[in-house]
Amino acid sequence: MSAATWKLSTVAMEHVVALCSVQPDRRPGSTGNHEATAYVEGVFTAFGWTVLLQDFECLDWDSEGGVIDFGGRAIELTPSPYCRGVAGAGPLRIVDTIGDLDRPDLAGTIVVLTGDVAGAPLTPKGYPFYASERDADIIERLEQAGPLAVIGVTGKHPALCGALDPFPLIEDGEFTVATANLRADDAAPLLAADGATASIRIDATRVPARARNVVATRGHRTRRVTIIAHVDTKPGTPGAVDNAAGVAVLLLLAELLGPSRHPELPIGVELLAVNGEDHYAAPGELAWLASQGDLADVVLAVNIDGAGFKGGGTHFSTYNLGHALTQHIAGVLEGSSGIREGPEWYQSDHAILAMRGRPALAFTSADLDRLLAEVYHSPADTPDVVAPDRVVEIAEALETLVTTWPA
């Protein structure tokens, strides 16, 4: 490792640690989120970029846990992020099919969802980029049934919920019923108590809040490369790989592509620390899109999410590229020994542009399956799982991509 790369690795790790040290986490609207965006703004400004702050409204949330009591037994519950709180009592109703949600005796009860109806997280009803008729039907039936609370009996669902166990079946700040979750291994007594009276308490508070995207620009806006990393986290995780490491790439690029190092750039550059990728309503993405028109000015969108995991190298994937851009990217990345082409994936911010037909390039960790199963969205996502040299390698590759942009 050269002295310059070692120095950048040290700086990258300092950024990761700083972003992971805010409290309570970086969920949009929280104190920690405001500290993180102020940190990003400070670095962008220090290296001479023009900085724009995009404020928007969002929902913050806090919880102290939950419990259900029945038959002399108490079982702890995991509240769903952004759920309502509740305290009350009612009969238990075990529901394992969508059809059972039409039962006339669910009002005022504690509905326990299990089986196929609880097999995967339900799409939030207000999610702006994807809709599921099945999920919308389940949500509508639950709200119309009017239960006191909903408990999802779940386990792990790495593809959408990372390492969380139990995963939140309903993560939706617009859902009108209090909801929590329980691991299947802990649910047997509850599932055997259909019809019994239970008392439930879910300590949770929804808090109207504001948050902001941090956008740094240099050069032309009418023809630019937009480089994206989301700054927010799920509640309860330090978010080192997801996604302090990605933001660290942006912060390194603020230096590597700054005016003191490159007085002129051959293409406009936008560094976008977007705030909301891990939020049920994606408020930061919506705020940024509202300012963009038809996105025709973005000649390439680059997204870094889940990169820098020490368990493996880096994968890149491309979307909607023409021949010339494909060749340019290939020529740059073939010089990076730890970066290899991987499969397409759409669970991040590059999909917003790729689905609108814009050229896109995404970076994530090669050992993504392990990262999702063991680290993502959980308290285990701490700075010690980050390999800073991989963060630097992505940043240096993107510096080359921009500075050698074909005329």
Notebook entry, point to check: Would you pick out the residues in the stretch 365-383 that are without any contact (Cβ under 8 Å) to a residue 60 or more places away in the chain and within 21 Å of Arg27 (Cα to Cα)?
Noted result: none
Checklist line | Complete set of residues in the stretch 1-26 that are out of contact with any helix residue (DSSP H, G or I) (no Cβ under 6 Å at 6 or more places or on another chain) and not in a helix (DSSP H, G or I) | finding: Met1, Ser2, Ser21
Next item on the list: Select the strands (runs of 3 or more DSSP E) contained entirely in the stretch 216-321, then report the ones holding at least 3 residues which are touching a Lys or Arg at 6+ places or on another chain (Cβ under 7 Å), modelled with pLDDT of 95 or more and not aromatic (Phe, Trp, Tyr).
Entry: 268-274, 298-304
Notebook entry, point to check: Can Ala245 be described as closer than 30 Å to Thr109 by Cα, of a type outside the set (Val, Ile, Thr) and either assigned by TED's automatic domain parsing to the domain that holds Gly173 or touching a helix residue (DSSP H, G or I) at 6+ places or on another chain (Cβ under 9 Å) (or both)?
Noted result: no
Note to self: Looking only at the stretch 228-259, filter to residues that are among the charged types (D, E, K, R) and either under 16 Å from Val22 (Cβ atoms) or without any contact (Cβ under 8 Å) to a residue 60 or more places away in the chain (or both); which one of those is surrounded by the fewest Cβ atoms within 10 Å (Cβ to Cβ)?
What the structure shows: Lys234
Notebook entry, point to check: Can you tell me which residue in the stretch 22-58 is surrounded by the fewest Cβ atoms within 10 Å (Cβ to Cβ), limited to those that are within 22 Å of Pro379 (Cβ to Cβ) and hydrophobic (A, V, I, L, M, F, W, C)?
Noted result: Val22
Next item on the list: State which residue is farthest from the chain's Cα centre (by Cα) when the search covers only the stretch 158-172 and only residues that are surrounded by fewer than 22 Cβ atoms within 10 Å (Cβ to Cβ) and part of a loop (DSSP other than H, G, I, E, B).
Entry: Asp165
Check: Taking Arg84, is it out of contact with any Pro (no Cβ under 8 Å at 6 or more places or on another chain), crowded, with 18+ Cβ neighbours inside 10 Å, basic (Lys, Arg) and closer than 29 Å to Val111 by Cα?
Finding: yes
Notebook entry, point to check: Is there a residue in the stretch 332-350 that is surrounded by fewer than 16 Cβ atoms within 10 Å (Cβ to Cβ), outside any loop (DSSP other than H, G, I, E, B) and either at positive phi or assigned by TED's automatic domain parsing to the domain that holds Thr237 (or both)?
Noted result: yes
Notebook entry, point to check: So which of Leu300, Leu353, Leu325 is in contact (Cβ under 8 Å) with a residue 12 or more places away in the chain, closer than 22 Å to Arg221 by Cβ, surrounded by fewer than 22 Cβ atoms within 10 Å (Cβ to Cβ) and not basic (Lys, Arg)?
Noted result: Leu325
Next item on the list: Mind listing whichever residues of the stretch 70-80 are under 13 Å from Ile151 (Cα atoms) and surrounded by 14 or more Cβ atoms within 10 Å (Cβ to Cβ)?
Entry: Ile75, Leu77, Thr78, Pro79, Ser80
Margin query: Just checking, does the stretch 213-236 include any residue being of a type in the set (A, V, I, L, M) and more than 19 Å from the chain's Cα centre (by Cα)?
Written below: yes
Margin query: Condition first: farther than 27 Å from Val375 by Cα, touching a Leu at 6+ places or on another chain (Cβ under 9 Å) and surrounded by fewer than 21 Cβ atoms within 10 Å (Cβ to Cβ). Now tell me which residues in the stretch 141-157 satisfy that.
Written below: Arg141, Gln144, Gly146
Notebook entry, point to check: Within the stretch 140-157, is there a residue that is assigned to a helix (DSSP H, G or I) and of a type in the set (Val, Ile, Thr)?
Noted result: no
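The values are calculated or read from the model by the stated rules, or taken from the named source; none is laboratory data. Because the structure is predicted, anything quoted here is derived from the model rather than measured. Ideal geometry is used to build each Cβ from the backbone, glycine not excepted, and the neighbour counts take in all protein chains shown.
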